[in-house]
1. Residue pairs, Cβ under 8 Å, 6 or more apart or interchain, first in the range 67-85 and over 18 Å from residue 140 (Cα atoms), second aromatic (Phe, Trp, Tyr) and near the ligand (Cβ under 7 Å from one of its atoms). List them.
2. List the pairs whose first member sits in the range 43-59 and is in a strand (DSSP E or B), whose second member is surrounded by 14 or more Cβ atoms within 10 Å (Cβ to Cβ) and not hydrophobic (A, V, I, L, M, F, W, C), and whose Cβ atoms are under 6 Å apart, counting only residues at least 6 apart or on separate chains?
3. For the range 153-208, which positions are of a type in the set (Phe, Trp, Tyr) and at pLDDT below 95?
4. Search the range 35-66 for residues being aromatic (Phe, Trp, Tyr) and more than 17 Å from the chain's Cα centre (by Cα), and hand back the single one that is surrounded by the fewest Cβ atoms within 10 Å (Cβ to Cβ).
5. Consider residue 1 against the criteria (1) crowded, with 18+ Cβ neighbours inside 10 Å; (2) more than 11 Å from the ligand (Cβ to nearest atom); (3) more than 25 Å from residue 138 (Cβ to Cβ): it satisfies all of them except one. Which criterion is unmet?
6. Across the range 67-89, what is the total count of residues that are within 15 Å of the ligand (Cβ to nearest atom) and more than 13 Å from the chain's Cα centre (by Cα)?
7. May I ask you to list the residues in the range 104-116 that are part of a loop (DSSP other than H, G, I, E, B) and either more than 13 Å from the ligand (Cβ to nearest atom) or surrounded by 18 or more Cβ atoms within 10 Å (Cβ to Cβ) (or both)?
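The values are calculated or read from the model by the stated rules, or taken from the named source; none is laboratory data. Note that the coordinates shown come from a computational prediction; the quantities given were computed from them, not determined experimentally. With ideal geometry, Cβ positions are generated from the backbone for all residues, glycine too; neighbour counts draw on all protein chains shown.
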Amino acid sequence: MLDVGSGLGGPARFLAATQGCDVTGVDLTPDFCAVANELSRLTKLSNHTRFQVGDALELPFPDAHFDVVWTMQMQMNIQDKRRLYAGFARVLKPGGRFVCQDICAGNGEPLELPVPWATRPEQSHLVDPETLRGLVRSAGLREVSWRDVTGEIVAARKAQQAKAAGAGSQPTFAPLGMHLVLGDQAAVKMANSARNTDAGRTLFIQGVFDKPA
Ligand SMILES: C[S@@+](CC[C@H](N)C(=O)[O-])C[C@H]1O[C@@H](n2cnc3c(N)ncnc32)[C@H](O)[C@@H]1O
């Protein structure tokens, strides 16, 4: 399977370890690919995962190459979503599956910035869920399932915060976590992200689509 915008490779390694998937990750950021490959080596998952630099809009793979294309929170920076999903449909085998979890625009109010994917408004390309769903379908992919999972994501975040508060820990970061990637503004980016969702400005969706055989 192909993970587009694979980041540090966590989802790819999880799928390899729990589902036995063989995962190729592609990401625009060379350092992320290097770290992802190193983490796979350290966790003995290098035989099942590999990460290479590439642009989601110019996928460096032949037509009809993958059984599954997967994306997790990666299309927020991409303006030309029509081209993005056309590329996914191209590299999928007939009968293959596209699976995504993504962030969408909610009530149309402007986002509080910075967020993890954007510091300035012109860097963020969120669309509402119906638009995103329509874009995937118009690439020729057939919808199997489409769910708004915002409530589940918010509940998971609140449970994590309550656990940290119960353990008496300060609202600081564990040694390993997103702050290592997000840099100096990690705390404000993550707080803004949570506030945007709580205020209805962002929604989370999960979708499953098939490429007709
Ligand atoms: C929020 S991270 C998600 C990483 C990973 N999917 C995860 O859930 O852990 C978004 C990733 O998309 C990558 N990305 C953004 N634009 C891209 C593009 N045009 N082509 C490939 N990767 C891209 C970024 O480098 C980043 O690693």
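1. Sorted first by the residue in the range 67-85, then by its partner, the pairs are 73/117; 76/117; 77/117.
2. Close Cβ pairs satisfying both conditions: 49/13; 49/40; 50/24; 51/6; 51/9; 51/25; 51/37.
3. 173
4. 61
5. (3)
6. Filtering the range 67-89 down to residues within 15 Å of the ligand (Cβ to nearest atom) leaves 68-88.
Applying the additional criterion that residues be more than 13 Å from the chain's Cα centre (by Cα) yields 68, 79-88.
Qualifying residue count, the range 67-89: 11.
7. Within the range 104-116, 106, 107, 108, 109, 110, 111, 112, 113, 114 meet the criteria.
Per-residue answers, yes or no, for (1) within 11 Å of the ligand (Cβ to nearest atom); (2) in contact (Cβ under 8 Å) with a residue 24 or more places away in the chain; (3) over 19 Å from residue 93 (Cα atoms); (4) part of a helix (DSSP H, G or I):
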{"position": "12", "(1), (2), (3), (4)": "yes, yes, yes, yes"}
{"position": "26", "(1), (2), (3), (4)": "yes, yes, no, no"}
{"position": "36", "(1), (2), (3), (4)": "yes, yes, yes, yes"}
{"position": "61", "(1), (2), (3), (4)": "no, yes, no, no"}
